[in-house]
Amino acid sequence: MSDLPPLDPPEGDGSDEALDMAAAEFALGVLDGDERAVAIRRVLAEPGFARSVERWRTHWAQLFDLWPAVEAPDLFARIERSLDRPVEAPIATLALAPPIRSKLWPALAGLSSIAAAGLLVVLVARPVPVPPAPPARPAAPVVAARAPTLVASIDPETAGAATVTAVYDAPAGTLRLTEAKLVGADQSAELWVIPADGTRHSLGLLHARGGTVLTLSRDNRARIAAGAVLAVTVEPIGGSPTGLPTGPVVAKGALAQV
């Protein structure tokens with residue numbers, strides 16, 4: 001038994017057992033292909049599913065810390081020892097009565113001699129064809145390593161507001177976010193990335209409806225990494241006029257690799 005506390009049940013936002021199981025598989029990294037694509041779309045579209053994924057990711061991380069790696073047993077030595085054992089006589093042979101065996105073995109030996117002589121004649125009389133050279137196999141295409149997916153749950157500071165989920169598409173250099181209802185109609189919600197050096201860099205403005213897709217500059221793409229923090233501040237309409245945050249932080253969350 002481990003010292004790991006039991007996993008808290010999913011929050012009561014309509015999630016059922018099937019949703020929580022899909023979130024666990026996505027957080028563990030066992031989904032691939034179409035299943036992985038569906039799970040990423042659900043993270044963007046369903047705040048409850050995104051929270052469940054984050055909850056499972058934290059749970060798996062504790063398990064990995066508690067269970068050290070175990071080296072696989074050496075099976076080759078066991079196989080070699082089993083090959084050195086003497087071959088036991090078949091049960092059917094042992095069960096034959098002595099009179100039957102005395103007649104059966106000479107007959108089988110005679111048939112084997114005839115078959116061997118016939119095979120020898122065929123091999124001597126028939127020339128052995130030279131097998132054609134195997135065709136050259138084309139070189140396997142080099143598959144580029146897939147960039148890891150980064151996801152963040154940007155949690156609001158105000159109780160009752162919806163969590164904003166962000167998914168970074170490294171090949172396209174885009175950041176996709178769910179709708180952000182974090183500020184009033186006479187204000188703008190501006191997204192910032194805070195890398196390890198603690199300096200805030202603007203990524204763009206968020207939409208209150210329909211979600212947001214931000215195409216990042218080359219410099220900001222280099223700042224998007226696991227552990228970097230995404231923060232949302234309240235700014236005047238059109239964003240910060242100074243290039244730095246002018247209003248309070250209303251939501252934030254760290255990027256994590258999936």
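Each reported figure results from applying straightforward, stated rules to the coordinates on display, with no laboratory input. As the structure is a computational prediction, the values presented were derived from the model and not from experiment. Backbone-built Cβ (ideal geometry, glycine too); neighbour counts: all protein chains shown.
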So what are the ³J(HN,Hα) numbers for the range 201-208, from phi and the Karplus equation (6.51, -1.76, 1.60; θ = phi - 60°), rounded to whole Hz, Gly and Pro as x? 10, 6, 9, x, 9, 9, 9, 7
Work out how much length M21 to D197 would gain on full extension: take 0.36 nm times their residue separation and subtract the Cα-Cα distance, in nm to one decimal. 59.7 nm
How much net charge surrounds L175 when only the other residues with a Cβ under 10 Å from the Cβ of L175 are counted, with Lys and Arg +1 and Asp and Glu -1? +1
Between S82 and R218, 0.36 nm times their residue separation minus their Cα-Cα distance comes to what? 42.9 nm
Along the Cα→Cβ direction, 7 angstrom out, place labels at T242 and A133. What is the inter-label distance in nm? 7.6 nm
The set of residues whose placed amide H lies less than 5 Å from the amide H of V250, leaving out same-chain residues fewer than 5 positions away, is V232, T233, V234
Within 10 Å of each candidate Cβ there may be at most 15 other Cβ atoms; applying that plus a DSSP loop requirement, which trypsin sites (Lys or Arg not before Pro) in the range 194-236 survive? R209
